[in-house]
C-alpha cells in the first residue's frame, strides 16, 4: 500500500540576493518518513526547511501539503499539522519554561480537541522525557543554549503535529543529548509522526533516518536509504573530502570515518 504524500515540492528554485540557493528541486515526503537532509554548508538545507514551513516563498515551483498549495492554508491549520524548529530561535519575552511549552497546544485547544487535564499530562510527560521538568519554573531567557534547545524541541513535540521539521536540532548538544533526542524522535516516528531533520553528523543520519536526501549546490544529488547514499564515492564527491565508510557492527548501518590528508 502506497503511503500518503504529505509534502510534494515541485521544481523549487530560490535565490538570496541574486545568488541561486535552490535549483529546480523536486522532493516528496511520505507520511511516516524519517528523512534526513544532509549536505555541505551553504548547499540549501535550511532554505529547504524554511520553504517547507511556509516561511519563504519559492521564486519558482510549487509546495503542496497534503495535495494542496501550502499558500492556501490558514496559518492555524498549518500550526495544527506542522511543527517547525529553525536553526536558531530568539525568545525575548521571559516566559516560564512550562508556560512557553504549553503555547504549542493552542491550535488544538481552539478546536476543542484536547481538555486541560490531557494537555497538562502530555506536557508533563514530554518535559520528563526531555529531562527539563526541573526547569519548568525557570525563565526561558535564563537558560543555557543547550537547555533552551531542549525546551524548543519539547515544544515542537507537545504541538503533536503530523510532521515535524527540524533544522540542526542537536548541534548544541553533547553526545548524550544528541542520542537521547534522536531516540525520542524515533519513538514518536514509530507512533506515526513524520520527521524531516537537517543533520550535519552523517553517522547520526545513518543510524536514525529511514531516508537521506543529499543536497549539493542547491539540488538533490541523490536520495534513498542510508546504505545507498552514504557511500565513500558520494561523500567524497559532494563534500570534497576523504572518508572511509565502514559498517556499524551493531546496527549494520554505514559508519563514516573522515581521513586527514596528512595520511594520504
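Taken together, the values in this text are just the output of simple stated rules run on the coordinates, not laboratory data. Nothing here was measured: the structure is a model prediction, and the numbers come from that model. FYI the Cβ positions are ideal-geometry reconstructions off the backbone, even for glycines, and counts take in every protein chain you see.
Relative to the longest principal axis of the Cα atoms of the chain, the long axis of helix 175-190 lies at roughly 80 degrees. Per-peptide packing, taken as the mean over residues of other Cβ atoms within 10 Å, places 144-151, 133-140 in the sequence 144-151, 133-140 from highest down.
Separation of segment 122-174 from segment 236-264 is 32 Å, based on Cα centroids. For 25, 250, the sequence from fewest to most other C-beta atoms within 10 Å is 250, 25. Adding -39500 (n - 2.57) for every DSSP H run of four residues or longer, then dividing by how many residues the chain holds, sets the calculated 222 nm ellipticity at -9500 deg cm²/dmol.
Computed from Cα positions, the angle between helix 116-129 and the longest principal axis of the chain comes to roughly 40 degrees.
Between residue 106 and residue 129, residue separation times 0.36 nm minus the direct Cα-Cα distance comes to 6.1 nm. Note on 77, 201: ascending count of other Cβ atoms within 10 Å places them as 77, 201, the fewest first. Length gained on full extension, residue 96 to residue 183, computed as 0.36 nm times the residue gap minus the Cα-Cα distance: 28.7 nm.
Bridges between two residues of the chain, per DSSP, are antiparallel at a rate of about 60%.
With everything on Cα atoms, drop me the angle between helix 145-158 and the longest principal axis of the chain, reported from 0 to 90° to the nearest 10. Approximately 70 degrees, to the nearest ten.
On the basis of the beta-carbon distance and an R0 of 30 Å, residue 237 and residue 68 show a calculated FRET efficiency of 0.25. Please find, in a Gaussian network model of the chain (springs between Cα atoms separated by less than 10 Å), the residue of 84, 238, 212 whose mean-square fluctuation is greatest. Most flexible of the set in this elastic network: 238.
Extension gain, residue 18-residue 210: 0.36 nm per intervening residue step, less the Cα-Cα distance, totals 65.7 nm.
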